[in-house]
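**Q** Attaching a single structure in structure tokens format; questions to follow.
Just so it is clear, none of the values below were taken in a lab; they were calculated from the coordinates. All values reported here derive from a predicted model rather than from experimental measurement. All Cβ positions, glycine included, derive from the backbone under ideal geometry; neighbour counts span all protein chains shown.
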Amino acid sequence: MTSPFDPPLGSNPPPPYQGAPPPGYQAYSPMPNLGGARAEFGARLGAWLLDSLLYGLLVTALVIPGVALIFSSLRDCVTFNDEIVCPSDSSRGGAIAGAVGLILVALLFVFVLYVRALGKTGQTWGRKIVGMKVVGEMTGEPLGFGRALGRVLFAGAISGQIFYLGYLWMLWDDKQQTWHDKVVGSIVVRT
């Protein structure tokens, strides 16, 4: 018994597909072409140090006005019997609260700037200088803001807490991934 999907009797089935894929298509590969070799430990450490320096300088520049405002609000205060005593001034508390708010906004701004760069292009300032980027393991594309945020938070909260074991993990991992790379499915490649 034949089905309607069988070729008609006496006809030869088409040969299996061979050759290049049609225009606009790429051949299937179980591992995507990520456009570069994996970044080694020394380069990743260098990028991390550069990011710490550059983003730290930006934080410092943005926090200085808030710290200066706090010090100017407290300049009339004295220490008496291990207590800080200030002349009563109703604007002092508001100025200090505003300064603390300014400092927190500056810290949040730089954090969002860092995560946005990592999620949008895969390159922070230090990674761009060193010549590497963070991409999705399966797609080769930048992570996006959510995964980049998860990567940064996991790196700070977990990977660096036990003798930096989460960072050092890439030294013996076959994919050269840190713990925070494994959690979000990312790799770091040379550009």
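**Q** Considering only the other residues whose Cβ falls under 12 Å of the Cβ of Val184, what net charge follows from Lys and Arg at +1 and Asp and Glu at -1?
**A** Overall, the nearby charge balance is +1.
**Q** Taking amide H positions as placed in the peptide plane 1.01 Å from N, state which residues far from Ser186 in sequence (5 or more) or on other chains have amide H under 5 Å from it.
**A** Residues meeting the amide H criterion: Glu137.
**Q** Starting from the Cα of Thr60, step 7 Å along the direction of its Cβ; do the same at Thr121; then give the gap between the two resulting points in nm.
**A** For Thr60 paired with Thr121, the spin-label model returns 2.4 nm.
**Q** How far apart, in nm, are the 7 Å Cα→Cβ label points at Asp82 and Val67?
**A** Going from the Asp82 label point to the Val67 one covers 2.8 nm.
**Q** Output ³J(HN,Hα) for region 167-182: one whole-Hz value per residue in order, computed from phi by the Karplus curve 6.51 cos²θ - 1.76 cosθ + 1.60 with θ = phi - 60°, and x for Gly and Pro.
**A** Computed from phi, the couplings for region 167-182 are 6, 6, 3, 5, 5, 10, 7, 5, 9, 6, 9, 7, 4, 5, 5, 5 Hz.
**Q** Test of the criteria: in region 93-191, which trypsin sites (Lys or Arg not before Pro) are in a DSSP loop and have at most 13 other Cβ atoms within 10 angstrom of their Cβ?
**A** Lys175
**Q** Which cross-chain or sequence-distant (5 or more) residues have an amide H under 5 Å from the amide H of Thr191, H modelled 1.01 Å from N in plane?
**A** Those qualifying (amide H under 5 Å, at least 5 residues apart or on another chain) are Met132, Lys133.
**Q** Pick out, from Ile162, Ile103, Leu113, the residue whose Cα sits farthest towards the positive end of the charge dipole of region 83-191, with +1 on the Cβ of Lys and Arg and -1 on the Cβ of Asp and Glu.
**A** Towards the positive end, the residue furthest out is Leu113.
**Q** Going Cα to Cα from Lys128, which lysines come in below 21 Å? Please leave out same-chain ones fewer than 8 positions away.
**A** Cα-Cα hits under 21 Å: Lys120.
**Q** Sort out for me the Cα centre separation of region 130-191 from region 38-63, rounded to whole Å.
**A** Computed from Cα coordinates, the inter-centre distance equals 15 Å.
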